[in-house]
1. Mind listing whichever residues of segment 14-38 are open to solvent by 10 Å² or more (accessible area, probe 1.4 Å), under 21 Å from residue 75 (Cβ atoms) and part of a loop (DSSP other than H, G, I, E, B)?
2. Under 9 Å between Cβ atoms, at least 6 apart or on separate chains: pull out the pairs that start in segment 36-55 with a residue that is touching a residue at least 40 places away in the same chain (Cβ under 8 Å) and basic (Lys, Arg) and end on any residue that is in a loop (DSSP other than H, G, I, E, B) and more than 6 Å from the ligand (Cβ to nearest atom).
3. Residues that are among the acidic types (Asp, Glu) and open to solvent by 60 Å² or more (accessible area, probe 1.4 Å): list the strands (runs of 3 or more DSSP E) wholly contained in segment 88-186 that include at least 3 such residues.
4. When you scan segment 269-276, do you find a residue that is under 17 Å from residue 192 (Cβ atoms), in contact (Cβ under 8 Å) with a residue 12 or more places away in the chain, of a type outside the set (Asp, Glu) and out of contact with any Asp or Glu (no Cβ under 8 Å at 6 or more places or on another chain), even just one?
5. Suppose the filter is within 16 Å of the ligand (Cβ to nearest atom), under 30 Å from residue 4 (Cα atoms) and not in a strand (DSSP E or B); does residue 67 pass it?
6. Can you tell me which residue among 309, 330 is in contact (Cβ under 8 Å) with a residue 12 or more places away in the chain, among the hydroxyl-bearing types (Ser, Thr, Tyr) and surrounded by fewer than 21 Cβ atoms within 10 Å (Cβ to Cβ)?
7. Considering only segment 90-110, I want to know if a residue exists there that is in contact with an Asp or Glu (Cβ under 9 Å, 6 or more places away or on another chain), at pLDDT 95 or above and closer than 30 Å to residue 171 by Cα.
8. Kindly check whether there is at least one residue in segment 223-233 that is more than 24 Å from residue 148 (Cβ to Cβ) and without any contact (Cβ under 8 Å) to a residue 60 or more places away in the chain.
Amino acid sequence: MNNQKRYDVAVIGAGVFGAWTAWHFARRGQRVVLIDAYGPAHSRASSGGESRIIRMGYGADELYTRWAMRSLLQWKEFFGAEHRMLFQKTGVLWLAGEDDLQLRQTIFTLKRCEVPFEEMDRAALERRFPQIGFDDVTFGVFEPESGVLMARRAVAAVVEDAVKRGAEYRLAQIATPAGERIVAGQFVFACGAWLGKLFPDILGERIFPSRQEVFFFGIPGGDSRFTPPALPTWLFQHDLVYGMPDLESRGLKIAFDHHGERVDPDTQSRMVSQEMAEAARNYVARRFPALRDAPIVETRVCQYENTSSGDFLVDRHPEMKNVWFAGGGSGHGFKHGPALGEHIAGQILDGASPEPRFSLTTKDTRPLDPHLA
Ligand SMILES: Cc1cc2nc3c(=O)[nH]c(=O)nc-3n(C[C@H](O)[C@H](O)[C@H](O)COP(=O)(O)OP(=O)(O)OC[C@H]3O[C@@H](n4cnc5c(N)ncnc54)[C@H](O)[C@@H]3O)c2cc1C
């Protein structure tokens, strides 16, 4: 007789997507097992960074604006008083260059969705943020209620709470010769950049893991111009660059949103390149003249798990109807973890409608336009 434990749902991958998926199933009384090969939001996972932006602006894309709104509510409710510092309301400042169409569309969508924001012309920007160099900037939009999620610790907190709610967490690698056998009614593979390795025939060419480098610059001693509230989180779409103020004294964060080379998430080097370090230094010198000689105090190398459109992948396996894919965060997925977990639980438990943009059939085998974090 087979005494193996049977779960309602097995979630493979304890990054932000898998953690919130397991949490929503556990909240709804399901028997859940959450499995990860390396641990929740580990250093090779896309969710393993210190910090991720949560902003509502998405150009004309109302779907992600609404998802970000829904997710921010859930993150804040989840953090409550106990984990309050895992959301840092720094505000998010969008900067537009000469081609300001996307930011104009963002304004339109934010209005429609009743998201609070403030528009600032160049003079207002210069008055309010004298520590930023605004050359090439035409105007800005400030989202005061948005900010930063302290990513890896936030995922760890979600996993811990899912376990409190009855989920089991296991360290194990699925679908390898040494892998364990798990019996469950439904399987959700939330494996980020690993999805293509696990399902090479279906996803090998549909998920493009790209190398992304992140830099932290040390701020001058005793200088508060680079910490919130003096400096918000910011994104400059024209340059495909974004950054964060000095949070938890880690330094000013800066990263380029261009997609780097295709990488293997298990083996790619986590050492930054000279070339990107130089580019980051030059950019900081231009936008933050007072940090011209600031040292790089920390670095991270991570990967995006891009789809061809930048839209998420939430769909069933084409042949195995109880096997689901949940991924394709494409450099902007972290903030949406709560809404994504809720969406999958709704589809599996309530038969809620799928989102057509997340379907497998919309995922092409050629790489895409970048999305800003
Ligand atoms: C540098 C950088 C900056 C970013 N900035 C932002 C931002 O500011 N805002 C934002 O919203 N998003 C941002 N993102 C995107 C966001 O971080 C990702 O979209 C999100 O973290 C993806 O989460 P995930 O759970 O799908 O994947 P992951 O976090 O990679 O998790 C996948 C998990 O699956 C596990 N796994 C894989 N294969 C197996 C197996 N065979 N068995 C068991 N476990 C397995 C892995 O170990 C891993 O833990 C950024 C990403 C990067 C890299």
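The values are calculated or read from the model by the stated rules, or taken from the named source; none is laboratory data. Every value quoted in this text rests on a predicted model; they were computed, and no experiment measured them. Don't worry about glycine lacking a Cβ; one is built from the backbone with ideal geometry, like all the others, and counts go over all protein chains shown. Side chains are part of the model used for accessible areas, which takes the heavy atoms of the whole protein and leaves out ligands, DNA and RNA. Shrake-Rupley method; radii C 1.70, N 1.55, O 1.52, S 1.80 Å.
1. Correct list: 15, 28.
2. Filtered contacts from segment 36-55: 44/265; 44/266; 44/268; 44/270; 52/150; 55/146; 55/372.
3. Details: elements: 92-96, 118-121, 139-143, 147-149, 168-171.
Filter on segment 88-186 gives 118-121.
4. Step one: of segment 269-276, the residues under 17 Å from residue 192 (Cβ atoms) are 270.
From the residues that got through so far, the ones that are in contact (Cβ under 8 Å) with a residue 12 or more places away in the chain too are 270.
Now drop any that are not of a type outside the set (Asp, Glu), which leaves 270.
Now narrow it down to the ones that are out of contact with any Asp or Glu (no Cβ under 8 Å at 6 or more places or on another chain): 270.
The answer is yes, given that some residue of segment 269-276 is under 17 Å from residue 192 (Cβ atoms), in contact (Cβ under 8 Å) with a residue 12 or more places away in the chain, of a type outside the set (Asp, Glu) and out of contact with any Asp or Glu (no Cβ under 8 Å at 6 or more places or on another chain).
5. Details: within 16 Å of the ligand (Cβ to nearest atom): yes; under 30 Å from residue 4 (Cα atoms): no; not in a strand (DSSP E or B): yes.
For residue 67, the condition - within 16 Å of the ligand (Cβ to nearest atom), under 30 Å from residue 4 (Cα atoms) and not in a strand (DSSP E or B) - is not met.
6. Values: 330 fails: surrounded by fewer than 21 Cβ atoms within 10 Å (Cβ to Cβ).
None of the others qualify; the one that does is 309.
7. Scanning segment 90-110, I find no residue that is in contact with an Asp or Glu (Cβ under 9 Å, 6 or more places away or on another chain), at pLDDT 95 or above and closer than 30 Å to residue 171 by Cα, so the answer is no.
8. Going residue by residue through segment 223-233, those that are more than 24 Å from residue 148 (Cβ to Cβ) are none.
Taking every residue of segment 223-233 in turn, none turns out to be more than 24 Å from residue 148 (Cβ to Cβ) and without any contact (Cβ under 8 Å) to a residue 60 or more places away in the chain.
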